Every structure is written in C-alpha cells, then in structure tokens.
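This report concerns only the one structure given below.
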Amino acid sequence: MDFHATDGDKDSMEHYFFCPYCGEEISMVLDLSVRRQTYVEDCEVCCNPIEITYAVEDDNLSTFAAKVLE
Ligand SMILES: [Zn+2]
C-alpha cells in the first residue's frame, strides 16, 4: 500500500476554491474534525465576507460551498 502521509495535522486540510465576489482562486484551511459547519470568512484577495459551508465524511470533504453573504 502506497500511502503518502502528509506532515502536519491530519484533521485539517487546505481547500482551494473560487471567491464568489472576485473570482480569484483562494485557499482556506478546513477543520475536518468537525463533521459539518457553516461560518463566515473574509476573502484574502478582496476582503468580502464569504459564507463557507462544508461537510466531512470519512476524513474527506463531501460537501463544500462558498456563497455570497446576504
Ligand atoms: Zn474575493
């Protein structure tokens, strides 16, 4: 079995997606120890508030959405 362990915390991962405001590709570190959560984080490029929603299944991201905050 060729398993490549990544260094650092297994319970978090960096996820890349496109900002719904400026369209730039940005990344955020997600906490995979939380099965499902919604929170607001500012875009690192345009500083607008993005509503992040995600769900985790078997240590993998099963759902991810980045929405414009109403
Ligand atoms: Zn942005």
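The values are calculated or read from the model by the stated rules, or taken from the named source; none is laboratory data. For clarity, every value in this text was computed on a predicted model and none was experimentally measured. Note that each Cβ is placed from the backbone with ideal geometry, even for glycine, and that neighbours are counted across all protein chains shown.
Selection of region 43-66 for residues being under 16 Å from Glu14 (Cα atoms) and surrounded by fewer than 11 Cβ atoms within 10 Å (Cβ to Cβ) yields Asp59, Asn60, Thr63.
For the residues Asp7, Asp2, Asp31, the requirement of being at pLDDT below 95 and surrounded by 12 or more Cβ atoms within 10 Å (Cβ to Cβ) singles out Asp31.
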